[in-house]
Amino acid sequence: MTKNLSRACALSLCLLGCSLAASAASAADGDWKRGRVYFQKVCTDCHSAKAGGPIAPNSRSMADWTGYLKADKHAKGKEPLSLYVSKAYRANIKATNKAAEKYAEVPDEQLFGDVKAFMLKGAKDGDSPASCL
């Protein structure tokens, strides 16, 4: 009986450890709340004004968004997607965009991770599909 209890405890502790590690890794990937604000106020505003309409995170799957973000191509491949989260881009639009001004000093990689976290969370198969419209 003690041997079985020990194995059960060991298995429970192992599963708990794996769960905590997965949660920590997911949290380290980005601040989805900051990513949501940036996506809505910068990406959605620009797409609404210049690109024929907004693109909602729930319009694609997590795999689709992951591939898109990894490819780092925007505007039908004409520009890198990472340009739109760069400090230079934010500095260029901060006079007319409060989110760009608010996040002006966030490192590019960190903001890109934040936007990615939001897009994956909001994907049609994500934890919380988001329309952002």
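What are the residues whose amide H is under 5 Å from the amide H of HIS74, where those residues sit 5 or more places off or on another chain and H is modelled from the backbone?
Counting only residues 5 or more places away or on other chains, the set is GLU79, LEU81.
Highest mean first, what order results for 53-60, 78-85 on Cβ atoms within 10 Å?
Order by mean packing, descending: 53-60, 78-85.
Which net charge results when you count Lys and Arg as +1 and Asp and Glu as -1 among the other residues whose beta-carbon is under 12 Å from that of LYS70? Walk me through the numbers on the way to the answer.
Details: positive: LYS73, LYS116; negative: ASP64, ASP72.
Every neighbour counted, the sum reads 0.
What are the GluC sites (Glu not before Pro) within region 60-133 that DSSP puts in a loop, where the Cβ has at most 13 other Cβ atoms within 10 Å?
Sites meeting the loop and neighbour criteria: GLU105.
Determine the sum of side-chain charges near ALA88: Lys and Arg each +1, Asp and Glu each -1, restricted to other residues whose C-beta is under 15 angstrom from that of ALA88.
Taking every other residue near ALA88 into account, the sum is -2.
Where does the charge balance sit around TYR103 when Lys and Arg score +1, Asp and Glu -1, over other residues with C-beta under 10 Å from its C-beta?
+4
The numbers here are math on the coordinates, done by the rules we state, and not lab data. Remember, it's a predicted structure, so these values are computed and weren't measured experimentally. Backbone-built Cβ (ideal geometry, glycine too); neighbour counts: all protein chains shown.
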